[in-house]
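Quick notes on the structure that follows.
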Amino acid sequence: MKKRATSFHAAACDPVTAERARADEALRANEERLRSVVQSMAEGLIVRDAQGIITDCNAAAEEIVGLGRDRLRGRRPEDVLTGALDADAQPVSGGRLLGDEALTTGDPQPPLTARLTRPDGTPAWVWISSAPVLDAGGRPEGVVSTMSDVTQSREAEQRLVASELATRALADEQAALRRIATLVASEAPPSAVFEQVTAEVARLLHVPSASVLRYETDLRATVVGSWRDAGLAGLPLGSSLDLAGDSVVTRVYRSGNAERIDDYSGAPGPLAEHLRALGYRSSVAAPVSVGGRLWGVLVASTTESEGMATGSERRLGDFAELVAQALSNADAYDKLAGSRARIVEAGDSERRRLERNLHDGAQQRLVSLALQLRMVEGGLEANPDRARQDLTAAREQLGHALEELRELARGIHPAILTDGGLAPALSALAHRAPLPVEIDDVPDERLPEPVEAAAYYLIAEAITNVAKHAHASHVAVSVLRDNGRVLVSVADDGVGGADPGAGSGLHGLADRVEALHGHLHVDSPPGGGTRLEARIPIG
Ligand SMILES: Nc1ncnc2c1ncn2[C@@H]1O[C@H](COP(=O)(O)OP(=O)(O)O)[C@@H](O)[C@H]1O
Ligand SMILES: [Mg+2]
């Protein structure tokens, strides 16, 4: 200040010096203005000399690299800057980041984006552009780098990429689930579903191996579906595994929930040992439950050391549900096929019974009746008394044949049921029964014909069973109409122990009731009597 005052004083004396001083003053003021503009710029600025030494920087640059001006000036960039050109690429030198090449070539450097690590450890994504400062002869005498912090936009971009990837992965998973659901809906055999599920799971979870295992009794499981990368050893289809010790399969067996093991190295037991020997390191497994019971397990395993990705359990769970669906479809299909076969068989055996009864009964009687009548015809003149006796016998024979035919017709479909409905048909049944039958309730109104027939045959078979097996003193029958369905029950006070598996009668009744979407329940504790209960929807 003092010096300036002096020169100002001098300038006042000498016009040339004064002119120079004013020019100096103006230049300084200009430089000052420029400096303050540079200082307040949002972009960082680092200036270096011909040797690449940092000579100056602005506040934004200090902020971006995380070092004060006094720590930057006089230093080489490689001593104060560390960074990488990509999130996980090798680090590059500070000189390269600040465009060293401009000093040798004299050319502006293409801008680059780098990830700096500041001295305090915080990362910053920085966009840097460097250009040489040329002297009058066109030779570089320094380099200026401008930089801006692009961390926020870069992170937003990465989030966008990540969410796009996640969306694509989800869409991929949905497509795989749809493919399998279509297969399941087409009633493909479970083995085909296992094959496709394991292949899709391995692809989606990026694992080399996936399998479906079915639990057996005594802590064992059988491999029923399996997919593996070519050349990778694994558990062959059909092999039976001992689940003693620890494995995801064992854990799911015990917990009934999805489980994971991230490191098999310490797990005890033969299966864990086997998996280790095959090179597997970690697995995730989800339970397959059919009709509320644990049936088996879907397992995905990897040989990688990082273990299975988080969320693998949920994804596996979705596929396990489809496996369960395929199994219960197949089960329902088998049951249906079985009951159809039994219905056909029951029809066939009924026809055989009718044929046998006709052959042995009415047909025999009619044949012998024809013979008798011919004899009567031949002996009419010679021995009229004898002929009269024979005629009497023939009339009795005819009566028996008629009775038998009536009996047979009753077995086929009682006319009384068709004409009068359940109430009179059940009274007739009770009347013919060899033990007291009490009819508690029967609806007065008519029910749909198949429902009446099912109720009638159920009661008829039940009463026959009581007479044949129960040693009961009495049977109670009731047919109640309730809320769109019919409840049929037959209860005796006999020995109990009825077993639908032992004969064909009860099984046939269950089929008949189920064919009408109803349900038959047999309650028959030993010594406690037998109660048959059927619920049949009407309409
Ligand atoms: N009311 C009952 N009381 C005791 N045991 C019964 C009764 N009903 C059926 N059972 C037993 O259950 C078995 C199965 O009955 P069912 O299927 O009708 O076959 P079937 O009568 O042809 O033997 C019978 O063999 C019998 O041992
Ligand atoms: Mg029976």
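The values are calculated or read from the model by the stated rules, or taken from the named source; none is laboratory data. Values in this document were obtained by computation on a predicted structure and should not be read as measured data. Heads up, the Cβs are rebuilt from the backbone with ideal geometry, glycines too, and the neighbour counts pull from every protein chain shown. SASA here: full protein model, heavy atoms, side chains in, ligands and nucleic acids out. Shrake-Rupley method; radii C 1.70, N 1.55, O 1.52, S 1.80 Å.
Which ones in the stretch 501-513 are of a type in the set (A, V, I, L, M) and within 13 Å of ligand 2 (Cβ to nearest atom)? Ala502, Leu506, Leu509, Ala510 - these are the residues of the stretch 501-513 that are of a type in the set (A, V, I, L, M) and within 13 Å of ligand 2 (Cβ to nearest atom).
The set of residues in the stretch 464-490 that are more than 11 Å from ligand 1 (Cβ to nearest atom) and assigned to a strand (DSSP E or B) comprises Ala476, Val477, Ser478, Val479, Leu480, Arg481, Asp482, Arg485, Val486, Leu487, Val488, Ser489.
If the Cβ limit is 6 Å and pairs must be 6+ apart or interchain, which residue in the stretch 430-443 that is touching a residue at least 12 places away in the same chain (Cβ under 8 Å) pairs with which residue that is in a strand (DSSP E or B) and basic (Lys, Arg)? Note: pairs meeting the criteria are Pro443/Arg481. Listed by first and then second residue, the pairs linking a residue in the stretch 460-475 that is assigned by TED's automatic domain parsing to the domain that holds Ala502 to a residue that is within 7 Å of ligand 1 (Cβ to nearest atom) and in a helix (DSSP H, G or I), with Cβ atoms under 6 Å apart and 6 or more places separating them unless they lie on different chains, are Glu461/Gly505; Ala472/Val466; Val475/Val466.
Do you know which residues across the stretch 196-234 are crowded, with 20+ Cβ neighbours inside 10 Å and among the polar types (S, T, N, Q)? Gln196, Thr198, Ser209, Ser211, Ser226, listed by residue number. For Arg485, the test of being under 47 Å from the mean Cα position of the chain (by Cα), over 28 Å from Arg342 (Cα atoms) and away from ligand 2 (no atom under 16 Å from the Cβ) is failed. Surrounded by 13 or more Cβ atoms within 10 Å (Cβ to Cβ), among the small types (Gly, Ala, Ser) and out of contact with any Leu (no Cβ under 6 Å at 6 or more places or on another chain): does that describe Ser524? Taking the combined requirement at face value, the residue satisfies it. Scanning the stretch 111-129 for residues that are touching a residue at least 40 places away in the same chain (Cβ under 8 Å) and either open to solvent by less than 40 Å² (accessible area, probe 1.4 Å) or aromatic (Phe, Trp, Tyr) (or both) gives Leu116, Ala124, Val126. Taking the stretch 75-110, which residues are open to solvent by less than 50 Å² (accessible area, probe 1.4 Å) and assigned to a strand (DSSP E or B)? Hits for the stretch 75-110 are Gly83, Ala84, Val92. Scanning the stretch 432-463 for residues that are exposed (fewer than 14 other Cβ atoms within 10 Å of the Cβ) and within 16 Å of ligand 1 (Cβ to nearest atom) yields Pro434, Pro436, Glu438.
Here Leu354 does not fit the description of being modelled with pLDDT of 70 or more, more than 22 Å from His507 (Cα to Cα) and open to solvent by less than 40 Å² (accessible area, probe 1.4 Å).
Per-residue answers, yes or no, for (1) farther than 24 Å from Leu98 by Cβ; (2) out of contact with any helix residue (DSSP H, G or I) (no Cβ under 9 Å at 6 or more places or on another chain); (3) open to solvent by 50 Å² or more (accessible area, probe 1.4 Å):
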residue	(1), (2), (3)
Ala131	no, no, no
Asp135	no, yes, no
Ser145	no, no, no
Gln152	no, yes, yes
Ala156	yes, yes, no
Glu164	yes, yes, yes
Arg168	yes, yes, yes
Gln174	yes, yes, yes
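Residue check: Ala498 meets all listed conditions (1) within 12 Å of ligand 2 (Cβ to nearest atom); (2) part of a helix (DSSP H, G or I); (3) of a type outside the set (D, E, K, R) but one, namely (2).
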